[in-house]
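The values are calculated or read from the model by the stated rules, or taken from the named source; none is laboratory data. Please read all numbers here as calculations on a predicted model, not as lab measurements. Don't worry about glycine lacking a Cβ; one is built from the backbone with ideal geometry, like all the others, and counts go over all protein chains shown. Note: accessible area is taken over every heavy atom of the protein model, side chains too, but ligands, DNA and RNA are not part of it. Shrake-Rupley method; radii C 1.70, N 1.55, O 1.52, S 1.80 Å.
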Amino acid sequence: MGDKANAHPGAAGRATAADHPASIRNVVLVGHSGSGKTTLVEALALTAGAVNRAGRVEDGGTVSDYDDIEHRQQRSVQLSLVPVEWDGIKVNIIDTPGYADFVGELRAGLRAADAALFVVSASDEVDGSTRMVWEECAAVGMPRAIVVTHLESARAGFEEMTQICAQAFGGDDPDAVLPLYLPLHGPQGPDGHAPVTGLTGLLSQKLFDYASGERKESEPGPEQLPGIEEARNRLIEGIIAESEDETLMDRYLGGEQIDIKTLVEDLERAVARGAFFPVLAAAPAAEGARQGIGTVELLELITGGFPTPLEREAPAVTTVDGGRARELTPCDPGGPLVAEVVKTTSDPYVGRVSLVRVFSGTLRPDETVHVSGHGLADRGHEDHDVDERIGALSAPFGKQQRLLTQAIAGDLACVAKLSRAETGDTLSAKDDPLLMEPWQMPDPLLPLAIQAHSKADEDKLSQGLGRLVAEDPTMRLEQNQDTHQVVLWCLGEAHADVALERLRSRYGVQVDVVPYRVSLRETFADRAAGRGRHVKQSGGHGQFAICEIEIEPLPGGSGIEFVDKVVGGAVPRQFIPSVEKGIRTQAARGIAAGHPLVDIRVTLLDGKAHSVDSSDAAFQTAGALALREAAAGAKIHLLEPVAEVTVLVGDDYVGAVMSDLSGRRGRVVGTEQLSTGRTLVRAEVPEIEIGRYAVDLRSLSHGTARFDRSYVRHEPMPQQVADRVREQTVDVA
């Protein structure tokens, strides 16, 4: 792979349409924000001949389709695809954001890829979120490799970083995480730092010098060989340990010299099946240079060691109603069409653009396909099963799109004019509609309450929000019926900022952020009685209705129970439903702080009517007045929603998490120790205390914890908290 003599930049070229799955590699870049993923993508594209030295695509675009939001945020906020060609292989490089708020883009990239390249900075530690993604990849057997960046930093230490990666990623087998190359250092500068100028191949024992801007191969001097012998021997032993040839280790230990060709082939097979995880190094090209350090070696690893789409199991598909399962041949261009939308964007000129991964069959321009919705109705996404005629197929080339004649199984392509398709949808043949199960997405748990800034914005808000959630399945739209708020549920503050910016810049909708309100309730603490008297004379028919009621509290979740105990016809039978309607209407409006009244039994005991002046409306009013009078002389509890919060956290942070939950008036109801060095903490916490828990937990656990929440019940709020809430309600009013 990295030591192949016939792999050289002259074999490179621009990305073209692939004609067979074996000539495709799909690789996703994973790493924390600031690790250098996007810079690495640019360096790989530059080495593969896709861009000129200025970082510009040769026909005028840029390497990645950054939007203005990314410039303002100074970080990637969305998945981007950069296809390049190396040694006759089309490589779809999927760059993903490293910040935790945009993990939905990362998961989409993992879905579209067949292998992962983990990017770590030589001057930083491996963060907890990167470790968690590694474990997710391990759970599904995805092949992985590691590339160490920022070698130019004075604090950089490749050897130390390799050891850290072995500890972080190696698990029970740190010898499965080993470097293929060692950095080649130039002369020390005035600061004592010796810059990295190239790499030493451990298998071939060759030097690859990039100092001139082009990779040049040479033999090491006798004084350099002892310095790489120990690392080389350890690498060979690690490769042999993962070899499918069980005799190889005995032959090696017996003193036989294993030829490099055999070692490279075994290495490639071990990488492809996810049993060995090579560590490489990379640095951007110097000014005026064409190739960055390690970029050739990375492209060789991707094309030689990462699996083809043919080696990936066919996805599980069913009929569109979720019924009968279908068996698919893995990555068959001649099979039934099954493709999945992994990203959706809106372009002001061409409309909605869908990035799709084709898993089976062949997608062609201008054909009619079936679009199957993904069942995320609980997040504001409408279910849909429609036929749509697609527009042009293209491959991104910077901000431009290069037209494709087809996209075969295993490839990725951009599809224009799919007006209904959303991220996670399945595309299939119109006469054979199929459905793929959507990939798992994190639940957005940070609420953002918004309202239109003006009447003009109000008219466009619904459409803008609909397009926003169509693009991003990690965003949930809620129209809260209790608080009458429009709430966007996001993954974090940066996610929320991007959502607001996209509403403004893409869809021309200006919104104001308002305080988020939880759905509070009211109830009676004790028995109470009330009399409602509605008597008016204003000429002609008057209004006359009197009713007497008794109220008693019921257990939580009982709602409102109405009991009729009127005797002797004091309230005519036709007006008893009117009393009940008036009571329920008033209960819905609230009686103390404007929150719905629940969990009471209302008993109608007595009343009076007039043969002429009594009416349905009069008794509705009397019922409402009776309820208000009963409340005026009774103690009213304010009820708050309580959620069950389940926190998955590393053992080092369990104490801090439990202490924090207690400070939020939470009650820890149980813990469960897991074998992965993590603990599951279950607690019941008032929802009013966890509005920003998504942000606070990330800070508390340094990004290593995640949580879920689900509504449990409403329960009485402590008096001092209730008084504070009532004061805030008055201030807002």
Search result, residues across the range 174-229 that are closer than 26 Å to Ala270 by Cβ and among the aromatic types (Phe, Trp, Tyr) = Tyr181, Phe208
Out of all the residues in the range 141-173, which are closer than 14 Å to Arg131 by Cβ and either part of a helix (DSSP H, G or I) or more than 27 Å from the chain's Cα centre (by Cα) (or both)?
-> Ile164, Cys165, Ala166, Gln167, Ala168, Phe169
Ala407 versus (1) surrounded by fewer than 16 Cβ atoms within 10 Å (Cβ to Cβ); (2) modelled with pLDDT of 90 or more: which is the lone unmet condition?
-> (1)
Return the only residue of Ile164, Ile146 being closer than 20 Å to Leu202 by Cα and open to solvent by 10 Å² or more (accessible area, probe 1.4 Å).
-> Ile164
Name the one entry in Val563, Val567, Val612 that is farther than 21 Å from His714 by Cα, touching a residue at least 40 places away in the same chain (Cβ under 8 Å) and outside any strand (DSSP E or B).
-> Val612
Can you find even one residue in the range 622-629 that is out of contact with any Gly (no Cβ under 8 Å at 6 or more places or on another chain) and not small (Gly, Ala, Ser)?
-> no
Result of the Cβ filter at 7 Å on the range 178-189, keeping first residues that are under 11 Å from Leu151 (Cβ atoms) and partners that are assigned to a strand (DSSP E or B) and of a type in the set (D, E, K, R), at least 6 apart or interchain, is Leu184/Asp209
Being modelled with pLDDT of 95 or more, open to solvent by 20 Å² or more (accessible area, probe 1.4 Å) and among the charged types (D, E, K, R), is that true of even one residue in the range 463-485?
-> no
Taking the stated definitions as given, is Val133 in contact with a helix residue (DSSP H, G or I) (Cβ under 8 Å, 6 or more places away or on another chain), open to solvent by less than 30 Å² (accessible area, probe 1.4 Å), among the aliphatic types (A, V, I, L, M) and not in a strand (DSSP E or B)?
-> yes
What is the one condition in (1) under 33 Å from the mean Cα position of the chain (by Cα); (2) surrounded by fewer than 16 Cβ atoms within 10 Å (Cβ to Cβ); (3) farther than 22 Å from Arg144 by Cα that Arg273 does not satisfy?
-> (3)
Quick one: how many residues across the range 672-720 are over 22 Å from Ala593 (Cα atoms), without any contact (Cβ under 8 Å) to a residue 40 or more places away in the chain, out of contact with any helix residue (DSSP H, G or I) (no Cβ under 7 Å at 6 or more places or on another chain) and polar (S, T, N, Q)?
-> 3
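Let's see how each residue does on (1) open to solvent by less than 60 Å² (accessible area, probe 1.4 Å); (2) at pLDDT below 90:
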| residue | (1), (2) |
| --- | --- |
| Ala194 | yes, yes |
| Thr197 | yes, yes |
| Tyr210 | yes, yes |
| Pro220 | yes, yes |
| Glu223 | no, yes |
| Gly238 | yes, no |
| Ile258 | yes, yes |
| Leu280 | yes, no |
Any strands (runs of 3 or more DSSP E) falling wholly within the range 495-546 and containing at least 2 residues that are farther than 29 Å from Arg584 by Cα = 511-514
Could you say which residue among Arg420, Arg389 is in contact (Cβ under 8 Å) with a residue 40 or more places away in the chain and charged (D, E, K, R)?
-> Arg420
With respect to Arg107, is the statement that it is in a helix (DSSP H, G or I), in contact with a helix residue (DSSP H, G or I) (Cβ under 6 Å, 6 or more places away or on another chain) and surrounded by fewer than 23 Cβ atoms within 10 Å (Cβ to Cβ) true?
-> no
What pairs come up if the first residue lies in the range 523-550 and is within 22 Å of Asp599 (Cβ to Cβ) and of a type in the set (Val, Ile, Thr), the second is open to solvent by 10 Å² or more (accessible area, probe 1.4 Å) and part of a loop (DSSP other than H, G, I, E, B), and their beta carbons are under 7 Å apart, counting only those six or more places apart or on different chains?
-> Thr523/Val598; Thr523/Asp599
Given the conditions (1) of a type in the set (A, V, I, L, M, F, W, C); (2) surrounded by fewer than 17 Cβ atoms within 10 Å (Cβ to Cβ); (3) farther than 19 Å from Val514 by Cβ, every one holds for Ala456 apart from (3)
Inside the range 635-671, the number of residues satisfying the requirement of being in contact (Cβ under 8 Å) with a residue 60 or more places away in the chain, buried (at least 19 other Cβ atoms within 10 Å of the Cβ) and either in a loop (DSSP other than H, G, I, E, B) or at positive phi (or both) is 0
